[in-house]
Amino acid sequence: MISDTPAATTPPGAASAPPLPGQRSRPAAPAGPERRPLLPVWTGAGVALLVGLVWACFLAGPVGDLAAQSAWADFAARHPGASYDFGWYGGMHPASYDLLTPYLMAAFGVLPVAVAAVTASGGLLGLLLRRAPVRRPALVAAWGGLAMAADVVAGRVTFAMGLAFALAAAVVALPGPERAARWPRLLAAAALAALATLGSPVAGLFVEVLAAALLFTRRRRLGLALAVPPPVLVIGTSLVFPFDGVYPIPVSTTIITTLCAVAIALLAPADWRALRIGSWLYGAGTLATAAVSSPIGGNVQRLGLLFGGVVMLAVVCSGAWGAAGRWKRVALAVTCVLTMAWTVNANLRGNPSPPAAGQADALVAELDALHADRARVESVPRDDHWDSWRLLPTVELARGWNRQADVALNPFFYDHTLTAAEYHDWLQKWSVRYVVLPDAKLDVAGKDEGRVVAGRPSWLKEVWHDQHWTLFEFTDARPLVDAPASVDGADDGAVRLTVPTAGTVTVRVPWSPWLTVHGAGGACLAQDGQWTRLTVSTPGQYRIDGRYSWPRGSACHR
């Protein structure tokens, strides 16, 4: 909790925390069961652990956001040294999504990492609440643990990992006055802010809200320690691993998130100054996010989703409730209920159930028999996005499950104007040979595409189907590499091709300075508009991949 007021009570025998700048002291309340030293910590962690275990053991599967987490984890396990993933959108940098969590998920498993992260977050939140002027911190911690578990049930494992580090940074930064912020504490806060950003750039953004609140309340050294690492890492990553993406933000999300921030700023106790300032900044940031297209977009709501109900319940459980008049009590109660309902509704309503494990086995076998790995495959996206995970690494997908990349690369799937002619040209551009149409509910960005494919235009020829899938061949497909070269095979880790003569050919892989060519020798790569140009001096077989190395790539030198 961002508060300028220490806890209302302290454990027996413990000294009261020194007051923060500008705070007003409150009389101590009698010690009781709610003020046992670690009760809020154990409660927050316990609730998060219990819900997380039930979800992981009985409900979780690679659908929704968890499909993306599973795909990134599998890629990191298969290609731990790879800087470029060919499996989605023709190719993209995994580092543009997350630098840390995929490797943790690859090492320990997606679900264990999810449960561990949310349990740690619940405990850390309980520790913050134990220090706050809240009379029933264990009750608030219980709701906080449930809210964070609900977020991970929605599949946001990378964010859960980043959030755990962000809360740890808050634990380090918030206790004690500014004068107690010596170098070890400042370095720890900065390191945890960096880890939060490495775990999830969205979590790093929320660290900035805390940093700004500290700066505005004259805790400058701690504020700067938290404020500097996230933008340095985000800007550095975007320069080294280029990415262009836009995440939509619905008007309803903007309104609800802004109202949540304003309500907290207005209803929180006057001496919770840092919290109120942070809420105003969060509301302003939400409006700015809605005004300027960016990869953040609707993700900005997560801070309010997670902590809106927590903060309002903490306010109700503070001295502010007893001091409030009738109408303010009504406003507190209504806002508390609405923010808690928002958390449950947004995270738990409509989560898809995983399909049968073998549902796509026959499709994968057919794609393998057709040598579909020599071109790209377009799977009209299901609403649960299970196909974006299941079809890897058998083939390269023309799309995948990254909303930011999809909106930036394929905006016509979102504006409800897609025509058969536009779809034909798009399939050619991305060297798609096969199109998969699932017999399942489609994603919002797949409905127009599904309509075009179901219309069976002359250039889509059905080659196979079962009760779950229909597979079409695109008869006007453009090869992944220009003649006379040919593709021997491709997966998420590399493209393998044969070049029969010396010379230059265009490979329809999105250009990246990290791309490296291996083969007979005398080969190099250069940018060719959106694509990659391969120049070879010796005929033979070549492999193009992307690896973490320095100097990076196999750039041609003029």
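Adding -39500 (n - 2.57) for every DSSP H run of four residues or longer, then dividing by how many residues the chain holds, sets the calculated 222 nm ellipticity at -15000 deg cm²/dmol. Fully extending the segment from residue 428 to residue 467, taken as 0.36 nm per residue of separation minus the present Cα-Cα distance, adds 11.2 nm. One chain, two ends: residue 224 and residue 255. Fully extended at 0.36 nm per residue, the span grows by 8.1 nm beyond their Cα-Cα distance. Which angle from 0 to 90°, rounded to the nearest 10, does the C-alpha axis of helix 326-348 make with the longest principal axis of the chain? Rounded to the nearest ten degrees, it is 30.
Could you order peptides 458-464, 258-264 by the average number of other Cβ atoms within 10 Å of their residues, highest first? Intermediate values should be presented prior to the final figure.
Numbers: 458-464: 14.9, 258-264: 21.9.
Ranking, from highest mean packing down: 258-264, 458-464.
Residues 83, 353 in ascending order of nearby Cβ atoms (within 10 Å, fewest first): 353, 83. 3J(HN,Hα) along region 307-315, derived from phi through the Karplus expression 6.51 cos²θ - 1.76 cosθ + 1.60 where θ = phi - 60°, amounts to 10, x, x, 4, 5, 5, 5, 5, 5 Hz, with x in place of Gly and Pro. Ranked for footprinting exposure by Cβ neighbours inside 10 Å, fewest first, 492, 368 give 368, 492.
Residues of region 221-262 falling in the label zone of residue 548, defined by backbone nitrogen less than 14 Å from a point 7 Å along Cα to beta-carbon, are 237, 241. The listed peptides 383-395, 194-206, ordered by packing as a protection proxy, come out as 194-206, 383-395 (highest mean of other Cβ atoms within 10 Å first). Working note: Karplus 6.51/-1.76/1.60 with θ = phi - 60° gives region 164-172 the couplings 4, 5, 5, 5, 4, 4, 5, 4, 6 Hz, where Gly and Pro are set to x. For the peptides 547-553, 220-226, 399-405, residues were scored by their other Cβ atoms within 10 Å and the scores averaged per peptide; the highest-first order is 399-405, 220-226, 547-553.
Less than 5 angstrom separates the built amide H of residue 379 from those of 398, 399, 436, all sequence-distant by 5 or more or on a different chain.
Counting neighbouring Cβ atoms within 10 Å and putting the fewest first, the residues 439, 488 line up as 439, 488. Cross-link partners for residue 447 among the lysines, with Cα-Cα distance under 22 Å and sequence neighbours closer than 8 places in the same chain left out: 429, 461. The stretch between residue 538 and residue 331, if pulled fully straight at 0.36 nm per residue, gains 66.9 nm over its current Cα-Cα span. On the beta carbon distance between residue 520 and residue 444, with R0 = 60 Å, the FRET formula returns roughly 0.80. Here the calculated FRET efficiency for residue 50 and residue 291, from their Cβ-Cβ distance with R0 = 56 Å, stands at 0.85, rounded to the nearest 0.05. Coupling constants for region 76-91 follow from the phi torsions by the Karplus curve (6.51 cos²θ - 1.76 cosθ + 1.60, θ = phi - 60°), and in residue order they are 4, 6, 6, 9, x, x, 8, 9, 9, 10, 7, x, 10, 6, x, x Hz; glycine and proline get x. The long axis of helix 137-153 is offset from the longest Cα principal axis of the chain by roughly 10 degrees.
A short reminder: the numbers here are calculations on the coordinates, not readings from a lab. These figures come from a predicted structure and were not determined experimentally. Because the Cβ atoms are built from the backbone with ideal geometry, glycine has one as well, and the counts that use them run over all protein chains shown.
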